[in-house]
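Reading through the structure tokens given below for one structure.
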Amino acid sequence: MTLPPILVTGGTGTLGQQVVSRLREAGREVRVLTRRGRGSRDGPVFVTGDLATGEGLPAAVRGTRTIVHCASNRKGDAEATRNLVRAAAQATSPHLVYISIVGVDRFPRGYYKSKLEAEGVIAGSGLPWTTLRATQFYELIRNGAARLAKLPVIPVPAGFVVQPVDSGVGAARLAELALGEPSGRVADMAGPQVLSFADLIRTYLTAAGRRPRPVVSVWTPGIGPIRAGALYPQPGAGATLGRRSWPDFLAGKPADQPAAKPDEAAG
């Protein structure tokens with residue numbers, strides 16, 4: 001029996017590409033939503049649609065039973081999700097799998113507020129759904145560190161602490177959720193270490209062979225919840241923890257171990 005295709009939004013991004021690969025390795029046909037048409041030879045099927053306007057979405061979701069929503073934008077995330085939900089609701093009531101961010105409810109400002117609103121859109125859609133919150137991905141932090149490394153003195157927010165994770169672990173978990181039953185809000189995902197932004201930068205400078213330079217902590221107003229740990233899972237929350245560390249990621253060491261399940265992490 002031929003299984004219905006799975007639609008992935010954001011399927012050309014850092015996370016989405018890996019989700020697409022995981023799903024195809026599992027033998028599933030995958031559609032990737034894109035605003036511009038692409039060839040589909042020997043790979044996923046690219047379908048044209050615009051989350052911002054809703055144009056093309058009804059055709060993109062038609063015949064699917066699962067949608068993995070990885071697309072994200074610092075502006076308009078919630079409205080894009082509404083457009084996707086409207087199209088999905090008129091189709092075959094597909095299972096919506098959404099990737100959000102740990103702490104959006106504890107620091108609901110700016111981009112995080114938009115992600116929290118998108119979570120609410122999905123949970124209130126009347127469609128079967130699953131939401132995974134993950135901490136910041138290593139690639140994002142590396143890109144930011146590379147830009148800061150050009151400065152002679154690097155300012156960082158004092159007390160800014162995160163627990164970043166390997167995007168490959170996040171992709172594997174999303175694919176697993178997409179192939180499973182709707183589960184609502186599942187356990188958060190994070191990396192193995194809680195690190196300050198200053199430590200992340202210093203480790204990057206060493207790993208990249210960059211000239212040492214001062215990393216100066218600067219008091220930043222308005223981020224009290226982050227200093228208190230808003231952007232990583234709370235102790236005892238049963239989070240799923242990736243095993244690949246920040247230094248291992250920077251060194252290019254492969255993620256040779258699966259993530260620790262919540263029961264392991266709690267122990």
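Things to note:
- Options S93, S100: the member that is farther than 30 Å from I223 by Cα and either modelled with pLDDT of 95 or more or surrounded by fewer than 22 Cβ atoms within 10 Å (Cβ to Cβ) (or both): S93
- Lone qualifier among P212, P155 - being more than 29 Å from T131 (Cα to Cα) and in a strand (DSSP E or B): P155
- Pairs linking a residue in the stretch 193-205 that is touching a residue at least 40 places away in the same chain (Cβ under 8 Å) and within 20 Å of A251 (Cβ to Cβ) to a residue that is buried (at least 21 other Cβ atoms within 10 Å of the Cβ) and polar (S, T, N, Q), with Cβ atoms under 8 Å and 6 or more positions apart or on different chains, are Q193/Q163; L195/Q163.
- Residues of the stretch 199-228 classified as on the phi > 0 side of the Ramachandran plot and within 28 Å of the chain's Cα centre (by Cα), total: 1
- Residue that is farthest from A187 (Cα to Cα) [pool: residues in the stretch 215-252 that are among the hydroxyl-bearing types (S, T, Y) and in a loop (DSSP other than H, G, I, E, B)]: T220
- Scanning the stretch 212-242 for residues being touching a helix residue (DSSP H, G or I) at 6+ places or on another chain (Cβ under 8 Å) and open to solvent by 70 Å² or more (accessible area, probe 1.4 Å) gives a total of 3.
- Any hit, the stretch 150-170, residues being of a type in the set (F, W, Y), open to solvent by 30 Å² or more (accessible area, probe 1.4 Å) and within 11 Å of the chain's Cα centre (by Cα): no
- Scanning the stretch 57-90 for residues that are open to solvent by 30 Å² or more (accessible area, probe 1.4 Å) and under 25 Å from T2 (Cα atoms) yields P58, A59, R62, G63, R65, A89, Q90.
The values are calculated or read from the model by the stated rules, or taken from the named source; none is laboratory data. Predicted model only: the values in this text are computed from it and were never measured. Every residue, glycine among them, receives a Cβ derived from its backbone with ideal geometry; neighbour counts consider all protein chains shown. These accessible areas exclude ligands, DNA and RNA; they are computed on the full protein's heavy atoms, side chains included. Shrake-Rupley method; radii C 1.70, N 1.55, O 1.52, S 1.80 Å.
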